[in-house]
Amino acid sequence: MKLCWALSFFIVVFSGFLYAAQSPVVGQQPCARVKDRPCIALVLGGGGARGGAHLGVIRQLEKQGIPVDLIVGTSIGAFIGGLYATGHSPDEIQQILDHLEWSTGFRDKVHRDEMPIRRKQQQDHYPIRLGLGLDSSGIKIPKGVLLGQAMAELILEAYGPVLNHSHFDQLPIPFRAVATDLTNRDTVVMSQGSLLQAVQASMSIPGVVRPMELNGRVLVDGGVANNLPVSIAKSLGADRIIAVAIDAPLLNSEQLDSAFAVTDQLTNFLVRQVVEQQIALLGPQDILLSPDVAQIGTLDFDKLPTSIEAGWHSAEQQSQALSSFAAPAQFPDWLAAHRAKQATSITVDHIELDNQSLLSDQVLLQRLALEANKRYDSKKLKEGLRQVYGVDTLERVSLQLEQQQQSDQTSLKVRAVEKSWGPGYLNFRFTMEDDFRNNRYYQLAGSYTYTNITELGAELHTELALGTDKLLSSELYWPVFTPATFVSGQLQRESTILVLEDTEGLSLGDLANKETSIVAKAGWNLSDHARLSSGWTDKDGYFRIPASGVADLGFSKLDYQREGPVLDFVWDRLDNPVFPSRGFRLHANWQWLEDTALGESHRSRSHSIEVQAARSFFERHIVRTRWRFEDYTPGDPQVAVEQFSLGGLLNLSGYPKNYLFGSQIQFGSLVYLYKMSEDRFSVFNSPFYLGASLERGQVHGNMIRVESLANETDWIWASSFFAGWDSPFGPVYLGYGRAEDDVNGSAYRYYLSLGQNF
């Protein structure tokens, strides 16, 4: 996606922006302090990844001894220009650009291991997160594909902890960032306050990134109105201007081969027209540099070294013209004054919370995990913001560092804003699995979560699933006393089907189970990664026996009731529920229930333990393992009303989904993954994988004891080869699995799976 494409619709609708009279808000004249020589302004245009050219130009300017007295930048020009204005040397800026993970600026989601454990589970179960809100007024959507949270964190990482400025003229080089007011078509020149927010406002692509709200104005990317702000530099008193234009080139006739290309070209025309108007303002004493960056896309940040080289080469070619800007006598003093020592950390004396959310200050400050009278670097500040943002009900979490003039103490001001399309949210899941034989499984599900009923974060979570298996569930989750301690109540109606096959692969019908359950729990969120809960469950259900098993069992329907205490523990630090590259997960559950079936009651006990772990090597190589042990001990050995299953890709590959089932399961697997590729600069992180697995498992205690049905097994080896895609709609697998011919003469399968977690 190019910046031009993102801007196209906005510019077509609001094309008047391009011709609006500019009315910059100007503070003091920064050129007034320049003595005995002309005031030189550096004007840096917008253009995404092509902005690396600005650094190349800056290198050449310093090589020729050219002092810069004013910087005016738009979009990426504001980003690079702001770094230079704050006293960073070209080498330091180079290091910053080399180490920034630019792709993270285009994804607002925090990492899975930065979320509260409840949010992890909800996102695991419902991965299609369209950002839809729902209330009595109807469906609501966000104001942009991105909310700007990740972009703010990227800028914080690049600039470090920067204090607010009463005026940007206080920087080693006076600086202005250009943005556009979305409400009245004004060009806005930002000259004071938060430098980080000014830079972000100048980079906020309309329609893609949510507009920035600063000082009562709604601001978007400055490139919309003025992508090469020569006029701003002249209005600030610049005597001579070095302008660097990196806007997108016009497409040729062969490139105009799609509707996107035509729209892109229209956008280029509109932006280019204003740029040409700005170029026309340059006089004979000024210079225009146009680096050859036509082959670099707006989001090709992996090509930054190429764009830097192009900028340097462009300036070097114009070295003779640039020599007239040099000031050999004054440059050493200018350089010494420019190289301000950059603070890598800052002492926070006070923390102030501007809480515009439905959650209490206690909840947000606890997640922020920062204390007054301690020193923090940008990494620690970023972690605090991400932990607050991880509650997933906030639109933006931002910070400002302000120094009190009288006491010289620093205040950290954190602002948290509730999502404007909340507090109720819709999310979805589509699951499909086909083994290209007898078994096809599909399910379409949605969830509605009404959040922040109380200040501690109570919520009502409802799920509806239709398809092969069906589900209707509603849970009320209610923190008490503290955000970490809670009580909950859940009512659930579930219908599941196990497809039965004989040892020849022929269908024996379906074993259907329908169950209504009520669960009341009390629990403790030990951390974002661990939860301990206990409670009482009451279940009422039945199994519908297929015709093939009626003669052996003597009945076609088995009704049952179960009730008793339950205990559950989860420790989860996996970075991804399906394709993890690091982390560990443990889930253990115990139940002590009284089972009533066939007119008799017996005490039973069951427990399950599942362990998953993953680790990556050399970036692209991943090894993960999974172990399951599930056991149900009935009071009556003839009636086993709790069944576990194996079968399906990566779950004893080679067998159909849930083909082997019984009251005791043991299973282990070792999976190797090779991460092939991913779209690094997109809203979604969607890598592709190639993988192979080695698996072993066994099953005991089948409740349907039919001679022709796969029954108890010895240990079975299995393996698989597969391709996987971590898509925005859930994991996609295409694979082949084969198992030992233990209970099925044709224990091999091809698999196509979507949305299934393994």
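What dipole magnitude, in Debye to the nearest 20, does the chain give about its Cα centre under +1 on Lys/Arg Cβ and -1 on Asp/Glu Cβ?
The calculated dipole for the chain is roughly 1480 debye.
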_Cleavage-rule hits (GluC sites (Glu not before Pro)) in segment 89-177: DSSP loop, at most 15 neighbouring Cβ within 10 angstrom_ = 101
*If one computes the Cα centroid of segment 193-211 and of segment 343-414, what distance in Å separates the two points?*
20
*asked:* Using +1 at the C-beta of Lys and Arg and -1 at the C-beta of Asp and Glu, which of 228, 136, 721 has the Cα lying farthest in the positive direction of the dipole of the chain?
replied: 228
*asked:* Quick check on segment 521-663: take the gyration tensor over C-alpha atoms, sort the square-rooted eigenvalues as a ≥ b ≥ c, and tell me if it's rounded (a/c under 1.5), prolate or oblate.
replied: oblate
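To one decimal place, what orientation-averaged projected area in nm² is obtained for the convex hull of the Cα set of segment 105-255? It would help to have the intermediate numbers written out before the result.
Values: hull surface 58.2 nm².
Averaged projected area of segment 105-255's Cα convex hull equals 14.6 nm².
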*asked:* Show me the chymotrypsin sites (Phe, Trp or Tyr not before Pro) within segment 604-640 that DSSP assigns to loop and that have at most 15 other Cβ atoms within 10 Å of their Cβ.
replied: 618
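For segment 442-592, report the convex hull volume of the alpha-carbon atoms normalised per residue, in Å³, without decimals.
Details: hull volume 23.5 nm³, N = 151.
Dividing the Cα hull volume of segment 442-592 by its residue count gives 155 Å³.
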*Please report, as a whole percent, how much of the solvent-accessible surface of segment 260-383 comes from carbon and sulfur atoms (probe radius 1.4 Å).*
53
*Amide H to amide H, which residues 5 or more places from residue 676 or on other chains are under 5 Å from it, using H placed in the peptide plane?*
688, 689, 690
*In square angstrom, what is the accessible area per residue of the chain with a 1.4 angstrom probe?*
42
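Averaging over every viewing direction, what projected area does the convex hull of the Cα atoms of segment 359-416 cover, in nm²?
On the way: hull surface 16.9 nm².
Its Cα hull, projected and averaged over all orientations, spans 4.2 nm².
Once you have the Kirkwood Rh of segment 134-194 from its Cα pairs, apply Stokes-Einstein at 25 °C and 0.890 mPa s and quote D in µm²/s.
Details: Rh = 14.8 Å.
In µm²/s, the coefficient is 166.
Within segment 34-138, list the trypsin sites (Lys or Arg not before Pro) lying in a DSSP loop whose Cβ has at most 12 other Cβ atoms in a 10 Å radius. Walk me through the numbers on the way to the answer.
Numbers: sites: 35, 50, 59, 63, 107, 109, 112, 118, 119, 120, 129; in loops: 35, 107, 109.
Filter output for segment 34-138: 35.
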*asked:* Based on C-alpha coordinates, I'd like the Rg and Dmax of segment 396-438, in Å.
replied: 24.1, 78
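Considering all alpha-carbon pairs of segment 387-514, what whole percent are spaced by more than 18 angstrom?
70
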*Please give the per residue volume of the convex hull enclosing the alpha carbon atoms of segment 156-235, rounded to a whole number of Å³.*
106
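Calculate, in nm to one decimal, what residue 372 and residue 522 gain on full extension: separation in residues at 0.36 nm each, minus their alpha carbon distance.
On the way: separation 150, 0.36 × 150 = 54.00 nm, distance 3.36 nm.
Going from the current span to full extension adds 50.6 nm.
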*asked:* Give me the three principal axis extents of the chain from the C-alpha atoms, as integers in angstrom, largest value leading.
replied: 105, 60, 45
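In what sequence, highest mean first, do 71-82, 584-595, 648-659 appear when ranked by Cβ atoms within 10 angstrom?
Ranked by mean Cβ neighbours within 10 Å, highest first: 71-82, 648-659, 584-595.
Using a 1.4 angstrom probe on heavy atoms only, work out the carbon and sulfur share of the accessible area of segment 529-639 in %. Display every interim value, and only then the final one.
Values: 3000 of 5540 Å².
That fraction is 54 percent.
In whole percent, how big is the carbon plus sulfur part of the accessible area of segment 36-156, probe 1.4 Å, protein atoms only?
Details: 1910 of 3490 Å².
Of the solvent-accessible surface of segment 36-156, carbon and sulfur hold 55 percent.
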_Span from the segment 61-113 Cα centroid across to the segment 275-326 one, whole angstrom_ = 16
*Give a residue-ordered list of calculated ³J(HN,Hα) values for segment 71-81 (Karplus: 6.51 cos²θ - 1.76 cosθ + 1.60, θ = phi - 60°; whole Hz; x for Gly, Pro).*
10, 10, x, 10, 6, 5, x, 5, 5, 5, x
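The values are calculated or read from the model by the stated rules, or taken from the named source; none is laboratory data. Fair warning: this is a prediction, and the values are worked out from it, not measured in the lab. Methodologically, a virtual Cβ is constructed for each residue, glycine included, from the backbone with ideal geometry; neighbour enumeration extends over all protein chains shown. Please note that ligands, DNA and RNA were not included when accessible areas were found on the heavy atoms of the full protein model with its side chains. Shrake-Rupley method; radii C 1.70, N 1.55, O 1.52, S 1.80 Å.
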